[in-house]
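These notes concern the structure reproduced below.
What follows is calculated from the coordinates using simple rules that are stated; it is not laboratory data. Only a predicted model underlies this, so the values are computations on that prediction, with no experimental measurement involved. We place every Cβ from the backbone using ideal geometry, glycine too, and count neighbours over all the protein chains shown.
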Amino acid sequence: MINGEMEKSRGPLSKNYFFIKVEDLVRVYNSDASRELDPNKAETKILVYEDRVNVWFLDVIDEMKDDPDAGLLVLQSLTNLLDNNAKLTGSGGASATIKKLFKTDTDWVAGVRSGKPSGIRFDLHSPAVKKTETGLVINPSKFADAVRLEITRCIKSLRSNKTFARNFKLF
């Protein structure tokens, strides 16, 4: 626990975890400071990463995914998340993951990244991704659900990856 030591800095790591730096020692706590976690352990790093992804990205996207007018924002956010997740998991980024999940070409992903998608329509009554004669129909809700499952699978695999523990930097 925190016992009158001189803090150099303090800050959030995610919604449910924060750090305190005392001298050259970094301490990680859960949100109410009732539990100290070892910042050098892989499990701590994974807990914080999982909390960041769920609370800062996926939970926010879940609030928007059923609004077809938010389709592009949902798609851009998920594309960004998949690209960033690839840095940890080596999964190949958004294009490779989308191709694997939805068995579709991914020429359109660059347009989504730039905010200028061409030939994409959003429809909450279609499958997650459906190719049509004129382009692509995406159901943002089903797309987001599939990506959440994939991110959950990736985080689960990180827990058994020993190389991850040595390479991942939390701070």
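To the nearest 20 debye, what charge dipole does the stretch 78-144 have about its Cα centre, counting +1 at the Cβ of each Lys and Arg and -1 at the Cβ of each Asp and Glu?
In total the dipole reaches around 100 debye.
Can you compute the charge dipole magnitude of the chain about its Cα centre, using +1 on each Lys and Arg Cβ and -1 on each Asp and Glu Cβ, nothing else charged? Give it in debye, rounded to the nearest 20.
Using only the charged Cβ atoms, the result is roughly 700 debye.
May I ask for the angle, rounded to the nearest 10°, between helix 42-51 and the longest principal axis of the chain, with both axes built from Cα atoms and the value confined to 0 to 90°?
Long axis of 42-51 versus the principal axis of the chain: about 50 degrees.
I need the semi-axes of the equivalent ellipsoid of the stretch 103-166: take the C-alpha gyration tensor, multiply each eigenvalue by 5, square-root it, list largest first in whole angstrom.
They are 30, 14, 9 Å, listed largest first.
Enumerate the amide H contacts of PHE122 below 5 Å, restricted to partners 5 or more residues apart or on another chain; note that Pro and chain-start residues carry no placed amide H.
It is ILE138, by chain and number.
On a 0 to 90 degree scale, rounded to 10, what angle separates helix 93-102 from the longest Cα axis of the chain?
50 degrees
In what sequence, highest mean first, do 35-41, 76-82 appear when ranked by Cβ atoms within 10 angstrom?
76-82, 35-41
Using the Kirkwood formula over every pair of different C-alpha atoms, what hydrodynamic radius in Å results for the chain?
The Cα-based Kirkwood calculation yields 17.7 Å.
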